[in-house]
């Protein structure tokens, strides 16, 4: 997990990645020490291609934003304001560079260990969780989203079946109603709505 999140001592080798997704062309700077530096991660592509874009409104929180692909693509395709959070400082620096490179200015990127620095609530939270960081981190992101969703908010995430999808869906059913809204080559895109009873409890507390 340390290598995934800490990269201050890694030599920088800035490179440029050209990506076509959702019929648009994007250019991203990547570097050593960030996730998927060589190519667009396939899980990220499946997630973006299966999001109900017309239903995305208000503010979006991109958890584990990396060098900004999800945040930037959504900011260019929707009218939403996007916040991207990550613990990887090099990735956040790249995300800011990529925001400017792609002329996407309705985004703010900031450092946060999971939701530690997050203060608001959101209609939409989106994540491609860092599986290599371990089960605890993934669960903290997925289950922790419940405290940062509006009562009618939605969490979207992508996960491979072989990375424990079935057990994860079973473990989060206390908090969410879940639905598979897309899949490709073993990757599944999951839509999560807060269970009504749990949402009420959150509001009462």
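The values are calculated or read from the model by the stated rules, or taken from the named source; none is laboratory data. Predicted, not measured: the structure shown is a model, and the values here were computed from it. So basically every Cβ, Gly included, is an ideal-geometry build from the backbone, and we count neighbours across all protein chains shown.
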Practice item. Tell me which residues, restricted to the range 9-42, are part of a strand (DSSP E or B) and surrounded by 14 or more Cβ atoms within 10 Å (Cβ to Cβ). Key: 17, 19, 21, 26, 28, 29, 30
Revision key, fill the gap. Condition set more than 11 Å from residue 85 (Cβ to Cβ), modelled with pLDDT of 95 or more and in contact with a strand residue (DSSP E or B) (Cβ under 6 Å, 6 or more places away or on another chain), scope the range 102-118, selection surrounded by the fewest Cβ atoms within 10 Å (Cβ to Cβ): answer is 102
Check your understanding: Looking at the range 119-144, which of its residues are outside any helix (DSSP H, G or I), under 16 Å from residue 87 (Cβ atoms) and touching a strand residue (DSSP E or B) at 6+ places or on another chain (Cβ under 7 Å)?
Key -> 127, 128, 129
Point to revise | Pair list, Cβ < 6 Å and 6+ apart or interchain, from the range 9-21 residues that are over 23 Å from residue 47 (Cβ atoms) to residues that are part of a loop (DSSP other than H, G, I, E, B) | key: 10/32; 10/33; 12/31; 13/32; 14/31
Practice item. Look at residue 74 and say whether it is in a helix (DSSP H, G or I), touching a residue at least 24 places away in the same chain (Cβ under 8 Å) and surrounded by 17 or more Cβ atoms within 10 Å (Cβ to Cβ). Key: yes
Exercise for review: Please find, among 116, 100, the residue that is without any contact (Cβ under 8 Å) to a residue 12 or more places away in the chain and not in a helix (DSSP H, G or I).
Suggested key: 116
